[in-house]
Amino acid sequence: MKTIHLDIVTPDGSAFSGDVESVVIPAWEGQMGILPGREPIIAVLNAGELRYRHDGKEELMAVSGGFAQVDHKKIVVLAETAELARQIDEARAKAKAEEKQQALKGVSQVDEGSIVAMQASLLKELIRIKVAEKYRKG
């Protein structure tokens, strides 16, 4: 089976590096599937679920923003955060999401910059919960 090299990198370091059969990224325009031999592209990432097939097994990751660069030999994903589904502490993510929702309720509408930042932080936690639940349910 054909493979393509995938590197997922965050400010904290490498989240994954290896040969994969396929990748689905949460591109700004929607989910984008990438197979070996795909034409080169650069895509802006949304916060969401990234999936890749490695050694015949599908892996799920929660990513929050960034970019993906694809050429004929490799895919490089530069993400703000990337976390494997099996490593997400679902209870902790739910607690943090609830805390952020409560904090948002107390913010004045005139503080638009804080609202946007808090919403982005809340979205990150909600995606972590969704990816963890999907992984748990198999």
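Going through (1) modelled with pLDDT of 95 or more; (2) in contact with a helix residue (DSSP H, G or I) (Cβ under 6 Å, 6 or more places away or on another chain); (3) not basic (K, R) one by one, S64 falls short only on (1). Scanning the stretch 95-138 for residues that are closer than 16 Å to G48 by Cα and of a type in the set (D, E, K, R) gives K124, E125, R128, K130, E133, K134.
Name every residue in the stretch 90-103 that is charged (D, E, K, R) and surrounded by 17 or more Cβ atoms within 10 Å (Cβ to Cβ), in order of residue number.
Of everything in the stretch 90-103, those that are charged (D, E, K, R) and surrounded by 17 or more Cβ atoms within 10 Å (Cβ to Cβ) turn out to be K96, K100.
May I ask you to say which residue of A103, A93, A62, A97 is in the same structural domain as Q119 (by TED's automatic domain parsing) and in contact with a Lys or Arg (Cβ under 6 Å, 6 or more places away or on another chain)? So the residue among A103, A93, A62, A97 that is in the same structural domain as Q119 (by TED's automatic domain parsing) and in contact with a Lys or Arg (Cβ under 6 Å, 6 or more places away or on another chain) is A93.
Of all residues in the stretch 44-61 being touching a Pro at 6+ places or on another chain (Cβ under 8 Å), hydrophobic (A, V, I, L, M, F, W, C) and modelled with pLDDT of 95 or more, which is farthest from V24 (Cα to Cα)?
Keep residues of the stretch 44-61 that are touching a Pro at 6+ places or on another chain (Cβ under 8 Å), which gives 45-50.
Adding the requirement that they be hydrophobic (A, V, I, L, M, F, W, C) leaves 45, 47, 50.
Add one more test, that the residue is modelled with pLDDT of 95 or more, and what stays is 45, 50.
Values: L45: 11, L50: 6 Å.
Residue satisfying both the conditions and the ranking: L45.
With the condition kept exactly as written, say whether any residue in the stretch 120-129 is crowded, with 18+ Cβ neighbours inside 10 Å, acidic (D, E), without any contact (Cβ under 8 Å) to a residue 60 or more places away in the chain and closer than 25 Å to Q31 by Cβ. The answer is yes; a qualifying residue exists.
Based on this model, can you work out whether A68 counts as assigned by TED's automatic domain parsing to the domain that holds L126, crowded, with 20+ Cβ neighbours inside 10 Å and closer than 28 Å to S121 by Cβ? Spell out how you get there, then give the answer.
On the way: assigned by TED's automatic domain parsing to the domain that holds L126: no; crowded, with 20+ Cβ neighbours inside 10 Å: yes; closer than 28 Å to S121 by Cβ: yes.
Criteria not met by A68.
Residues checked against (1) buried (at least 18 other Cβ atoms within 10 Å of the Cβ); (2) under 15 Å from the mean Cα position of the chain (by Cα):
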site	(1), (2)
T3	no, no
G18	no, no
S22	yes, no
G37	no, no
E83	yes, yes
I88	yes, yes
M118	no, no
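Counting the residues of the stretch 71-119 that are more than 24 Å from A15 (Cα to Cα) and in contact (Cβ under 8 Å) with a residue 24 or more places away in the chain gives 1.
Among the residues of the stretch 71-118, the ones that are of a type outside the set (V, I, T), modelled with pLDDT of 90 or more and touching a Ser or Thr at 6+ places or on another chain (Cβ under 7 Å) come to 3 in all.
The values are calculated or read from the model by the stated rules, or taken from the named source; none is laboratory data. Bear in mind that the values here come from a model prediction, so they are computed numbers and not experimental data. Neighbour counts run over all protein chains shown; Cβ positions are idealised from the backbone, glycine included.
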